[in-house]
Amino acid sequence: MQPDAPTVQGAVLEAARRFLGADARVTGASRTDAGVHALRQTASLSTQATLAPPAVQAALNAALPPSVRVLDAREAPPGFDARRAAAGKRYLYLLDNGSVAAPLLRRFAWHVPGALDLDAVRGALAAMRGRHDFGAFCAAPGRDADPVCHVQAVHVLRRRALVAVLISADRFLHHMVRNLVGSALDVGRGARPVAWMAQVLTSRDRTRAGPTAPAHGLVLVRVRYPAEP
């Protein structure tokens, strides 16, 4: 929730309270920066009202703005918390590598024209797999958090002019994916050697990493749980 700006949590809570009552509470599994998108965010909704999940889904979608939609609704165990129960998340960063920016993608992809060595990008990001201190890729506002994350998978895919970077981890630091992508592109453009990102990771020094990629290219793809709630 933000007092001076529209948010997804605020929209869902307002819609829920219209038909479930003032006691409704909404907890999202993950916070995202302004401008970041989510395909499959997960939220827990608690209420004293007794409605079947399909009715809750239909009522929410009838009251929500067009930019937010409930794709599924299920009954969860008592005390379920979407944030605390999450076992991991997957993010996608979308790049438009065409010589001319695609107009329909301007809100969802970072336009990066010019040659990109994707094998070099893959090699640089491969060193991020595993459990590491990612302090070098954390923004200043997140420095109080535990910097150790376990990156389980990294994939770099191309289809024509579109390049997708997919990163899965048990948790993420503030701006972590955007900083990883910005640094990896320095390698892909030839400004840094492939081994440089591993050296930055070991240094735990944010000033040694590359720039932060813009927010609008980042998408929360999925929130994972040990078992489906």
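The values are calculated or read from the model by the stated rules, or taken from the named source; none is laboratory data. As the structure is a computational prediction, the values presented were derived from the model and not from experiment. Quick reminder, even Gly has a Cβ in these numbers, built from the backbone with ideal geometry, and neighbours come from all protein chains shown.
Key figures for this structure:
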quantity: Qualifying residue in segment 98-115 (condition: of a type in the set (A, V, I, L, M, F, W, C) and in a helix (DSSP H, G or I)); calculated: yes
quantity: The one condition in (1) closer than 17 Å to residue 134 by Cβ; (2) at pLDDT 95 or above that residue 206 fails to fulfil; calculated: (2)
quantity: So residue 201, is it touching a helix residue (DSSP H, G or I) at 6+ places or on another chain (Cβ under 8 Å) and in the same structural domain as residue 101 (by TED's automatic domain parsing); calculated: yes
quantity: Test for residue 145: is it surrounded by 14 or more Cβ atoms within 10 Å (Cβ to Cβ), over 26 Å from residue 108 (Cα atoms) and small (Gly, Ala, Ser); calculated: yes
quantity: Test result for residue 90, of a type in the set (D, E, K, R), at pLDDT 95 or above and under 21 Å from residue 165 (Cβ atoms); calculated: yes
quantity: Within segment 86-100, considering residues that are hydroxyl-bearing (Ser, Thr, Tyr) and surrounded by 19 or more Cβ atoms within 10 Å (Cβ to Cβ), the one farthest from residue 188 (Cα to Cα); calculated: 91
quantity: Subset of segment 198-227 (residues that are free of Cβ contacts under 8 Å to residues at least 24 places away in the same chain and part of a loop (DSSP other than H, G, I, E, B)); calculated: 227
quantity: Hits in segment 101-134 (condition: in contact with a Pro (Cβ under 9 Å, 6 or more places away or on another chain), within 21 Å of residue 205 (Cβ to Cβ) and buried (at least 19 other Cβ atoms within 10 Å of the Cβ)); calculated: 124, 132, 134
quantity: Per-region count, segment 1-26, residues buried (at least 16 other Cβ atoms within 10 Å of the Cβ) and in contact (Cβ under 8 Å) with a residue 12 or more places away in the chain; calculated: 11
quantity: Filter result for residue 3 (assigned to a loop (DSSP other than H, G, I, E, B) and over 20 Å from residue 91 (Cβ atoms)); calculated: yes
